[in-house]
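Trainee: Starting off with a structure, shown below.
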Amino acid sequence: MGMLIDGVWTLENHFPTNDGGEFRRKATTFRDRITADGSSGFPAESGRYHLYVSYACPWAHRTLILRSLRGLEDVISVSVVDAFMTADGWHFEGRNGSTEDHVLGKRFLREVYQQAKPDFTGRVTVPVLYDKQTGRIVNNESTEIIRMLNEEFGPGLAKNPEVDLYPEGLRETSDALRDQIYNRFNNGVYRAGFARSQEAYERAVTDVFDVLDELEAILAEQRYLASDTRMTEADICAFGTLVRFDPVYVGHFKCNLRRIADYEHLPNYLRDLYQTPGIAKTVRLDQIKEHYYRSHESVNPSRIVPLGPDFELAAPHGRG
């Protein structure tokens, strides 16, 4: 696991944990904002901004979903890092759905960070929202990027401006659900997989399945998490972890009390979201499995990628 320290790439032999062996995700660094009126210094414009993403990463996946649902593919360009993250971090290979760096022509994503901030200290993560005009990283926090894509790129930019994942009347509920989901579920699977003590692992897995049980109960009563009638940010934030759960987190991260397939409502909810126009094309299970099983040598020393599981995302869901 590598990071930049004062702009210099440095390797560590494990993922960051505290003294109790619990994985600790570092806070993101770049937190500027694009605004429709340009008051932030970063006006919403077509062709100005670029997303650096990984199909494997659930945080980056959110931004690809919002870009697709809102119809911003012609407004915000994308470069995709290789699924296999080596000791050199995220890099560009141009194979199996990944691309070259279309903007700067860099070999490694860390070079994008170094160009934007030569003395940067921190993790080199995706997604990255990059401003081609100023050569600056605007933001690398996924929750803030999806909010910008939803709110600041309106009619004249978005092909589907009517798509609103943060609607008035549901914001408080969606925010509460998103916060509930984040540490105990989205990050909970990582806390389980990268734990370095039995106690830390068990706490994390308990959190993960408590949240899954809570979501199952909600979905027994309504179609989506915050509403029976419309999708919100909470659903998008849950989806990235749910779609990776059975293929990766059950085995690779030892989150194996139950599978999503073992629940009554969660499997069809997952299919319902996947089949929402614009979402399926953002899902690359081949890259997801390759990344986790090959990149995390400390978790999977053989780097063998499993063939399964057999779960049909395109099957009828019956939740319409």
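The values are calculated or read from the model by the stated rules, or taken from the named source; none is laboratory data. In this text the structure is predicted, and so the values were computed from the model without any measurement. In this analysis, Cβ positions are derived from the backbone assuming ideal geometry, glycine residues included, and neighbour counts consider all displayed protein chains.
Trainee: With the requirement that a residue be without any contact (Cβ under 8 Å) to a residue 40 or more places away in the chain and in a loop (DSSP other than H, G, I, E, B), what does the range 139-190 give you?
Mentor: Within the range 139-190, G156, E162, D164, E168, G169 meet the criteria.
Trainee: Every residue in the range 5-27 that is charged (D, E, K, R) and either over 17 Å from E199 (Cβ atoms) or at pLDDT 75 or above (or both), please. Steps first, please.
Mentor: In the first step, residues of the range 5-27 are kept if they are charged (D, E, K, R); the result is 6, 12, 19, 22, 24-26.
Within the range 5-27, D6, E12, E22, R25, K26 qualify.
Trainee: Can you name every residue in the range 16-33 that is within 15 Å of R191 (Cα to Cα) and either in contact with a helix residue (DSSP H, G or I) (Cβ under 8 Å, 6 or more places away or on another chain) or among the β-branched types (V, I, T) (or both)?
Mentor: Result: T17, G20, G21, E22, F23, R25.
Trainee: Right, here's the next one. Report, by residue number, each residue of the range 216-254 that is over 17 Å from the mean Cα position of the chain (by Cα) and either basic (K, R) or within 12 Å of N186 (Cβ to Cβ) (or both).
Mentor: Within the range 216-254, R223, R230, K254 meet the criteria.
The rows are residues; the columns are (1) closer than 30 Å to I218 by Cβ; (2) surrounded by fewer than 21 Cβ atoms within 10 Å (Cβ to Cβ); (3) touching an Asp or Glu at 6+ places or on another chain (Cβ under 6 Å); (4) of a type outside the set (D, E).
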| position | (1), (2), (3), (4) |
| --- | --- |
| R110 | no, no, no, yes |
| Y130 | no, no, no, yes |
| R136 | no, yes, no, yes |
| T143 | yes, yes, no, yes |
| I146 | yes, no, no, yes |
| V163 | yes, yes, no, yes |
| Y166 | yes, yes, yes, yes |
| A176 | yes, yes, no, yes |
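Trainee: To continue, here is another question. Among the numbered conditions (1) hydrophobic (A, V, I, L, M, F, W, C); (2) out of contact with any strand residue (DSSP E or B) (no Cβ under 6 Å at 6 or more places or on another chain); (3) over 16 Å from E152 (Cα atoms); (4) at pLDDT 95 or above, tell me where F30 comes up short.
Mentor: That leaves (2) as the condition not met.
Trainee: Continuing with this model, one more query. What residue, of S298, S227, S197, is over 30 Å from N18 (Cα atoms) and either hydroxyl-bearing (S, T, Y) or touching a Pro at 6+ places or on another chain (Cβ under 7 Å) (or both)?
Mentor: Every option except S227 fails the conditions.
Trainee: Another question, if that's okay. Give the residue, chosen from S298, S302, that is in contact with a His (Cβ under 7 Å, 6 or more places away or on another chain) and not aromatic (F, W, Y).
Mentor: Checking each option against the conditions leaves just S298.
Trainee: Being over 14 Å from Y292 (Cβ atoms) and charged (D, E, K, R) is the filter; apply it to the range 78-99 and report the residue that is surrounded by the fewest Cβ atoms within 10 Å (Cβ to Cβ).
Mentor: Out of the qualifying residues, it is R95.
Trainee: Within the range 38-60, is even one residue surrounded by fewer than 14 Cβ atoms within 10 Å (Cβ to Cβ), among the hydroxyl-bearing types (S, T, Y) and in a loop (DSSP other than H, G, I, E, B)?
Mentor: yes
Trainee: Which is of a type in the set (G, A, S), within 30 Å of F42 (Cβ to Cβ) and either more than 19 Å from the chain's Cα centre (by Cα) or not assigned by TED's automatic domain parsing to the domain that holds T28 (or both), of A204, A176, A200?
Mentor: Working: A204 fails: within 30 Å of F42 (Cβ to Cβ); A200 fails: within 30 Å of F42 (Cβ to Cβ).
The conditions single out A176.
Trainee: Being over 30 Å from P155 (Cα atoms), in contact (Cβ under 8 Å) with a residue 12 or more places away in the chain and not hydroxyl-bearing (S, T, Y) is the filter here; which residues of the range 98-115 pass it?
Mentor: Within the range 98-115, E100, K106, R107, F108, L109, R110, V112, Q114, Q115 qualify.
Trainee: Name the residue that is nearest to the chain's Cα centre (by Cα), counting only residues in the range 2-37 that are assigned to a loop (DSSP other than H, G, I, E, B), surrounded by fewer than 17 Cβ atoms within 10 Å (Cβ to Cβ) and among the aliphatic types (A, V, I, L, M).
Mentor: A27
Trainee: Determine whether the range 76-99 contains at least one residue that is closer than 25 Å to A238 by Cβ, at pLDDT below 95 and small (G, A, S).
Mentor: For the range 76-99, residues closer than 25 Å to A238 by Cβ, at pLDDT below 95 and small (G, A, S): present.
Trainee: Okay, moving on. What number of residues within the range 219-231 satisfy the criterion of being farther than 21 Å from L313 by Cβ and in contact with a helix residue (DSSP H, G or I) (Cβ under 8 Å, 6 or more places away or on another chain)?
Mentor: Number satisfying all stated conditions: 2.
Trainee: Out of the residues in the range 191-213 that are β-branched (V, I, T) and free of Cβ contacts under 8 Å to residues at least 40 places away in the same chain, which is surrounded by the most Cβ atoms within 10 Å (Cβ to Cβ)?
Mentor: Let us first name the residues in the range 191-213 that are β-branched (V, I, T), namely 205-206, 208, 211.
If we keep only those that are free of Cβ contacts under 8 Å to residues at least 40 places away in the same chain too, we end up with 206, 211.
Numbers: T206: 14, V211: 21.
Once the filter is applied, the top-ranked residue is V211.
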